[in-house]
Amino acid sequence: MNVNLKIWRQGSDSDKGILKTYRLENIDPNISFLEMLDILNIKLVKEKKDPVTFDHDCREGICGSCGFMINGRPHGPQKATTVCQLHMRAFNNEDDILLEPFRAESFPVIKDLSVDRKSFDRIISSGGYVSTNTGEAPEANSISIEKEYADEAFLSSACIGCGACVAACKNSSAMLFTSAKVSHLSLLPQGQKEGKDRVAKMVATMDEEGFGSCTNTGACSAECPKEIGQINIARLNQEYILSSLSGFLKKKNE
Amino acid sequence: MTEFNLFSKAPNGELHTKWKEYKESLKKLAPEDANKYKVIVVGTGLAGASASATLAEHGFNVHAFSFHESPRRAHSIAAQGGINAAKNYKSDGDSVMRLFYDTIKGGDFRSREDNVYRLAEISKNIIDQCVAQGVPFAREYGGLLDNRSFGGVQVSRTFYARGQTGQQLLLGAYSALSRQMEKKKVVFYPRHDMLDVVLVEEKAKGIVTRNLINGKIETHSADIIILATGGYSNVYYLSTNAMASNVTANWRAHRKGALFANPSFTQIHPTCIPVKNDFQSKLTLMSESLRNDGRVWVPKKKNDQRKPTEIPEEERDYYLERIYPAFGNLVPRDVASRRAKEVCDEGRGIGPTGFAVYLDFQKAIDEKGEDFIREKYGNLFDMYQNITNENPYETPMKIYPAVHYTMGGLWVDYNLMTTVKGLFSIGESNFSDHGANRLGASALMQGLADGYFVVPHTAMDFLAKEAPLMKDITDRPEFKEAKDKTESEINRLMSVDGKMAVDEVHRELGKIVWDKIGMARNETGLNEALAEIPKIKEKFWNDISIPGSDKDVNQELEKALRVKDFIELAELMAFDALDRNESCGAHFREEYQTEENEAERNDQDFKYVAAWDYSENDNPKLFREELKYNNVKLKTRSYK
């Protein structure tokens, strides 16, 4: 098959980007999307031109490195699929394919399709953990957790931190990402003790990092390659209200 | 008489109490004293993140480096199956001793008793620690932790989180690390490639890094350096490892004097999706559990082009069932892999390349029903279909072995210190615990054992005997020299100006390593590899092209720096495989096999760890550490 690629090329965040067109012919529809980009890059290298920079690593859909916009959708057209698991047979012969980086103020462009998602790490650092030191843990089976809660916590914790939710959101909100971590920990007894503090800190960091507010359009979940659900956002809101209320009561009592 | 000139420094004493007593005897530092020391950790996967977090909790100032943008991207995240621990929650007779024995035997009696016993002992603490962090392991309806059985052992000791155990454990370690980052006890350097170790008065006191965003070559000093930089499966070009996994940090340490142990011990996993074409960039594992219901076969006839469903039963060769009537399709990884290669080499392989065999579920579907198979393996069948566009409910899967783990690595003593003082190596990057073959669900266990529970103690003891630097010493000439050398190497690479992409040279290297130092090796092939690899090296230094600038994001340069080291490593692997005139575990030398084509170990002459010293202009020099077995009996594995 043949494809016409329009790819966003940008030197760095301060540079002005530009769309460039590349044509690839005789592409095997059974190769992956990123293998198609490998072919393009080898071609560019041989022509002594700068290859396209994009993030990727495991190519199994779990590390969360890859991700950019394909025809306006994060990770492209296939539901519940990261770019690295997308194959060329999802496209038609002679298709025009538009590739752009995730667009969000909190994800500055590093180069071409690669963006800086350190803001996600800073959200986690501000509270996305249980405060326990190595060696202090009690015997594992001394904590019993209902299977239902453990399974729910797992589903929230399956987030790969790729940033598709932010890119899909018209406000560039990081609510789905943040709420997945808040949910994971608040569903487990180990995480509940610090719950009120955690949600307040993580939401504050999310705001400081310049992510927008959530207006519950659900675009994030729809585009999430791991199908992290909207229920996480509801849980975060609940945790947040409880946290604010307890802060208010504390102040009042003082 | 073999000369042994390398010693593990394991303490004397009873196997069962050795680690506990030794740990108590180690020197400790109070947090306010630990605060005077700086520790560099390179690599923030399971081993590196857990070590960084724990050392920071003890009061040390940790500077952690990764080429990834975030610790959560490390390849540990891709581990599927689970993590072993001798908890005996199933009351099926499991114990530390049993896990210890299974691991030693699985490694075909080429690992150190003392280290493996310690690993088995610590396995229990790991699960406690991870649960306390909030790792959502699978649970039973009663609320307690669930276990499953795994590859070749007779007990249920594997803890898991669906098929994403590595992800959940890594996110746990990452959360502990993030907590210390918030407390400013860990400074994280994302997108930094380590390119050299700096020695000051024969001790590791710093590193040279390249900032992958702006290309800046930086130097960093510290009281000790810990390498947690993973394995080197990508020397084969195609492997199940992530694209950027590499040997560079280890290789640079090796060039500075750290011995490299058992480099040719590389594990080949039998059930991976086969290579389709030359553009293939990496391989995907299909869980070993599929062999419980799938039957492996090839046509009896050579070069049979018929569709699998058109080949009648009597014209099929279910070769594993034929050769191993007792274990059938469930023989261990190394055996299943080797036999697949054998039938394909005979010309009976299937698919467009001829390098694949069928994994057929028809019998299981007929007997147990499609729903049963769907419930058990549905997600794997979907994954297979997504990648291959073939429906495994209707036509057999095509599979072929692929490289996915390296047992070899930097030689370390009982304290996990390399032969360079102050330079430690943990996780897959060291050679220590798996001998000639790793058991399933043991890699996660080892990474976390080293990071949470071993190196924090042994490194503290080392530091307690060292005066702290208390200042940045990167103005010393040793740092300038290392930095200059790195810069001139990069300049040399940038100026090659040939016509090949780095990937193309890497692919050629991978083919040689796969053909000659892969699933089966022989003297002729290994000598051919030693003759061919220098030609690849020449091609690399004359024909590659790296467009753009080294002062900018340059993924081609990043690859070139890695491939350069893979080429040198490949040579060492050939030397190592040539030296070991026996077959053991994943190292199968065709000259040393029984009449039934099984691996023939030679305990008389090769019961040692082969650790190699780097030499710039000469062949590598071999050092040997004798392996002593005081608690287990050496046996021959049999699966007939």
Requested in this report: Provide the packing ranking of B:539-547, B:236-244, i.e. peptides ordered by the mean count of other C-beta atoms within 10 Å per residue, highest first.
Outcome: B:236-244, B:539-547
**Report entry** For A:GLU146, net neighbour charge (Lys/Arg +1, Asp/Glu -1) across residues whose Cβ lies under 10 Å away
**Finding:** -1
Requested in this report: List, largest first, the extents of the alpha carbons of chain B along their principal axes, each in whole Å.
Outcome: 75, 62, 53
Query raised in the report: For the residue pair B:GLU487 and A:ARG73, what label-to-label distance in nm results when each label sits 7 Å from Cα along the Cα-to-beta-carbon direction?
Result: 4.9 nm
Report summary line: Amide H contacts under 5 Å for B:ARG139, restricted to residues at least 5 apart in sequence or on another chain and with H modeled in the peptide plane, are B:ASP146
Query raised in the report: In what order do B:ILE567, B:ILE213 fall by count of nearby beta-carbon atoms within 10 Å, going from fewest to most?
Result: B:ILE213, B:ILE567
Requested in this report: On a 0 to 90° scale, report how tilted helix B:370-388 is relative to the longest principal axis of chain B, with both axes built from alpha carbons and the result rounded to the nearest 10.
Outcome: 60 degrees
Query raised in the report: Is the shape of segment B:259-337 rounded, prolate or oblate, going by the alpha carbon gyration tensor and its root eigenvalues a ≥ b ≥ c, with a/c under 1.5 for rounded and a/b larger than b/c for prolate?
Result: oblate
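Just rank A:SER65, B:SER289, B:SER429, fewest to most, by other beta-carbon atoms within 10 angstrom. Don't skip to the answer; put the middle values down first.
Values: A:SER65 28, B:SER289 20, B:SER429 31.
Ranking A:SER65, B:SER289, B:SER429 by Cβ neighbours within 10 Å, fewest first, gives B:SER289, A:SER65, B:SER429.
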Query raised in the report: Given a Förster distance of 35 angstrom, what is the FRET efficiency for A:SER14 paired with B:ASP543, based on the Cβ-Cβ distance and rounded to 0.05?
Result: 0.50
**Report entry** Rounded Å value of the spacing that divides the Cα centres of segment A:172-242 and segment B:339-360
**Finding:** 49 Å
Query raised in the report: Hey, what do the phi angles of segment B:129-140 turn into as Karplus ³J(HN,Hα) couplings, whole Hz, using 6.51/-1.76/1.60 and θ = phi - 60°, x for Gly and Pro?
Result: 4, 5, 5, 4, 6, x, 5, x, 5, 5, 10, 7
Report summary line: Any residue on another chain or 5+ positions along whose placed amide H is under 5 Å from the amide H of B:VAL41 is listed here as B:HIS63, B:ALA64, B:PHE65, B:ILE226
Report summary line: Expected sort for A:143-151, B:333-341, B:548-556 on mean C-beta neighbours within 10 Å, highest first, is B:333-341, B:548-556, A:143-151
Query - For A:143-155, mean number of other protein chain Cβ atoms within 10 Å - result: 5
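For the pairs B:LYS183/B:LYS551; B:LYS282/B:LYS421; B:LYS124/B:LYS363; B:LYS607/B:LYS640, note any where the Cα-Cα span goes beyond 29 Å.
Among B:LYS183/B:LYS551; B:LYS282/B:LYS421; B:LYS124/B:LYS363; B:LYS607/B:LYS640, the Cα-Cα distance tops 29 Å for B:LYS183/B:LYS551; B:LYS282/B:LYS421; B:LYS124/B:LYS363.
Counting only other residues whose beta carbon sits under 12 Å from that of B:LEU572, what net charge do I get with K and R as +1, D and E as -1?
Charge balance near B:LEU572 sits at -4.
Kindly put B:HIS16, B:HIS58 in sequence by how many other C-beta atoms sit within 10 Å of each C-beta, fewest to most.
Values: B:HIS16 13, B:HIS58 24.
Final ranking by Cβ density, sparse to dense: B:HIS16, B:HIS58.
Taking each residue of B:541-550 in turn, how many C-beta atoms of other protein chains fall within 10 Å of its C-beta, and what is the average? Don't skip to the answer; put the middle values down first.
Numbers: counts 0, 0, 0, 1, 4, 3, 9, 8, 1, 0.
For this peptide, the per-residue mean of nearby foreign Cβ atoms is 3.
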**Report entry** Hits among lysines - C-alpha to C-alpha of A:LYS147 under 21 Å, sequence gap 8 or more where chains match
**Finding:** A:LYS181, A:LYS193, A:LYS226, B:LYS87, B:LYS90, B:LYS376
Report summary line: HN-Hα couplings for segment A:49-54 via Karplus (6.51, -1.76, 1.60; θ = phi - 60°), in whole Hz with x for Gly/Pro, come out as 10, 5, x, 7, 8, 8
**Report entry** 0 to 90° range, to nearest 10: angle between helix B:555-579 axis and chain B longest Cα axis
**Finding:** 70 degrees
Query raised in the report: Tell me, in nm to one decimal, what length is gained between B:GLU595 and B:GLU370 on full extension, where the rule is 0.36 nm per residue of separation less the Cα-Cα distance?
Result: 76.9 nm
Query - Shielding score for B:72-83, defined as the mean number of other chain Cβ atoms within 10 Å - result: 4
Query raised in the report: Using alpha-carbon positions, what is the distance between the centroids of segment B:170-195 and segment A:92-134, in Å?
Result: 17 Å
Report summary line: What helix-only [θ] at 222 nm does the protein assembly as shown give? Using -39500 (n - 2.57) per DSSP H run of at least 4, over all residues, to the nearest 500, the answer is -11000 deg cm²/dmol
Requested in this report: Could you go through segment B:176-191 in sequence order and give the Karplus-derived ³J(HN,Hα) for each residue, using 6.51 cos²θ - 1.76 cosθ + 1.60 with θ = phi - 60°, rounded to whole Hz, and x for Gly and Pro?
Outcome: 5, 5, 4, 4, 6, 5, 4, 7, 6, 8, 10, 9, 9, 10, x, 6
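No value in this document is a laboratory result; all are computed from the given coordinates. Quick caveat, the model's predicted, so the values are computed rather than measured. Virtual Cβ from ideal backbone geometry, glycine too; neighbours counted across all protein chains shown.
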